[in-house]
Amino acid sequence: MSTLSASRLKARAAELGFDRAGITRAEPSPTLDAYLRWIDAGMHGPLGYMARPDRVERRRDLSVILPGVQSLVVVALDYRGAAPAEWLTDPSRGRFSAYSWGSDYHGVMLEKLEALAAWLTRETGGAHRAYVDTGPILERSHGQAAGLGFVGKNTLLIHPRRGSLFFLGEILTTLECDAYDAPLPQATMCGSCTRCLAACPTNAFPAPHVLDARRCISMWTIEHKGTIDLALRPLFGNWVFGCDICQDVCPFNRFAPETREPAFTPNAARIAPPLVELLALDEAGFQARFAGTPVARTGRERLARNACVAAGNWGSGEALRPLIALLDDASPLVRGHAAWALGHIGGGAARAALDSAWQRETDAAARDELAAALDNRE
Ligand code: SF4
Ligand code: SF4
């Protein structure tokens, strides 16, 4: 059986543009038990696919994915982009998580991973399988095992000199490696710091290293398809796609390098656009702005829903006009969240629009939102 040369593989990964690469034995994830306890506690929330028995089984045993698997190559690609600081603190803008400012990382990462896997086949033979976060692998703990960082109290993989603003990808391979990487020493861990836990606006960390997805803004704004929990909405601030707070406050991200990947260069229209623009986007406008980005999978309906919540939290009369227009949106989900926002902003114009919408609304959930918004005003 041929052996994978760690040094040659890492050199090839660097040529392909990856910022770091590590190799670990294809053993079950070191945090598998914690993951299973997390699922049992229901903390995956809207991420129902994570609890599917076939997914859990694959996490227990990587050979279910690739028979004969021996090694796991884990690669990192930095995505940090520069953004005007005043945009990021302006409540009239809708904030997008920094990972979404450029092109969709799935395509970018997968193309490079498949090129790396093809090179492996040519060089050394063997069978390989590439994954980018959709794969059933506990990638952060495997990344830690491969020496790419440590898993912080915010549950993210953090490199002690490069922070946590990077994407991960993996290649499973049937090849043995001539030099496996070692996990980073414990000394690089969080120590007594608890900034991320304290800064989370929705208290989504019941304990260090435990994220309750049922409270996380990222999960609600990106993954969740329906109505956003009423009690959580006021805590979302102006985040409309994801949330970076538990990374932004992490001291290790002070040293996070800017991306060298041209596809991740931020598009100014997608960093933190004015909420009034987001509220006014129709499907064609949404596609023009977000096609080919991670936001495209979430879709216009959910983004409009999220923008309504952010507009309600902004509380400015400048949002009235587009919100009132959304009371006639084709989506009852959007109509309901627009009603909530108008209830929060208040005033005569909002009240009149809510009253008028109440007369014509036929969807039960949207009517509930309208009724609650009208009550808000009394
Ligand atoms: Fe909390 Fe935001 Fe981090 Fe989610 S992404 S855990 S909401 S700080
Ligand atoms: Fe660890 Fe502090 Fe970073 Fe949280 S903010 S991950 S506790 S170093």
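The values are calculated or read from the model by the stated rules, or taken from the named source; none is laboratory data. Just so it is clear, the model here is predicted, and its values are computed rather than measured. Neighbour counts are summed over all protein chains in view; Cβ atoms, including those assigned to glycine, are modelled from backbone coordinates with ideal geometry. Note: areas computed on protein heavy atoms with side chains; ligands, DNA, RNA excluded. Shrake-Rupley method; radii C 1.70, N 1.55, O 1.52, S 1.80 Å.
Is it the case that some residue within the stretch 341-358 is under 28 Å from the mean Cα position of the chain (by Cα), in a loop (DSSP other than H, G, I, E, B), buried (at least 17 other Cβ atoms within 10 Å of the Cβ) and in the same structural domain as residue 224 (by TED's automatic domain parsing)?
no
Tell me, yes or no, whether the stretch 226-233 has at least one residue that is at pLDDT 95 or above, assigned to a loop (DSSP other than H, G, I, E, B) and within 11 Å of ligand 1 (Cβ to nearest atom). Can you show your working first?
Going through the stretch 226-233, the residues at pLDDT 95 or above turn out to be 226-233.
Then keep just the ones that are assigned to a loop (DSSP other than H, G, I, E, B); that gives 226-232.
The next check asks that each one be within 11 Å of ligand 1 (Cβ to nearest atom); those that pass are 232.
Yes, the stretch 226-233 contains a residue that is at pLDDT 95 or above, assigned to a loop (DSSP other than H, G, I, E, B) and within 11 Å of ligand 1 (Cβ to nearest atom).
Name every residue in the stretch 244-265 that is touching a helix residue (DSSP H, G or I) at 6+ places or on another chain (Cβ under 8 Å) and away from ligand 2 (no atom under 16 Å from the Cβ), in order of residue number.
261, 263, 264
Can you give me the number of residues within the stretch 282-333 that are assigned to a loop (DSSP other than H, G, I, E, B) and either among the acidic types (Asp, Glu) or more than 22 Å from residue 369 (Cα to Cα) (or both)? Break it down into steps so the answer makes sense when it comes.
Just the residues of the stretch 282-333 that are assigned to a loop (DSSP other than H, G, I, E, B), to begin with: 282, 291-294, 315-316, 327-331.
With either among the acidic types (Asp, Glu) or more than 22 Å from residue 369 (Cα to Cα) (or both) added as a condition, the list becomes 282, 291-294, 328-329.
Qualifying residue count for the region: 7.
Scanning the stretch 196-217 for residues that are open to solvent by 30 Å² or more (accessible area, probe 1.4 Å) and among the small types (Gly, Ala, Ser), which turns out farthest from ligand 1 (Cβ to nearest atom)?
For the stretch 196-217, the residue satisfying everything is 207.
Of the numbered conditions (1) in a helix (DSSP H, G or I); (2) touching a strand residue (DSSP E or B) at 6+ places or on another chain (Cβ under 8 Å); (3) among the small types (Gly, Ala, Ser), residue 372 fails exactly one; give the number of that condition.
Of everything listed in (1) in a helix (DSSP H, G or I); (2) touching a strand residue (DSSP E or B) at 6+ places or on another chain (Cβ under 8 Å); (3) among the small types (Gly, Ala, Ser), residue 372 misses just condition (2).
Would a scan of the stretch 220-243 turn up a residue that is within 16 Å of ligand 2 (Cβ to nearest atom) and crowded, with 19+ Cβ neighbours inside 10 Å? Spell out how you get there, then give the answer.
Residues of the stretch 220-243 within 16 Å of ligand 2 (Cβ to nearest atom): 243.
Cutting the leftovers down to crowded, with 19+ Cβ neighbours inside 10 Å gives us 243.
Within the stretch 220-243, one or more residues are within 16 Å of ligand 2 (Cβ to nearest atom) and crowded, with 19+ Cβ neighbours inside 10 Å.
Residue 253 versus (1) assigned to a loop (DSSP other than H, G, I, E, B); (2) within 13 Å of ligand 1 (Cβ to nearest atom); (3) polar (S, T, N, Q): which is the lone unmet condition?
Here residue 253 meets the rest and fails (1).
With 182, 204, 198 as the choices, which residue is outside any helix (DSSP H, G or I) and farther than 30 Å from residue 332 by Cβ? Full working, then the answer.
Working: 204 fails: farther than 30 Å from residue 332 by Cβ; 198 fails: outside any helix (DSSP H, G or I).
The match here is 182.
Please count how many residues of the stretch 76-118 are open to solvent by less than 30 Å² (accessible area, probe 1.4 Å) and without any contact (Cβ under 8 Å) to a residue 12 or more places away in the chain.
Qualifying residue count, the stretch 76-118: 0.
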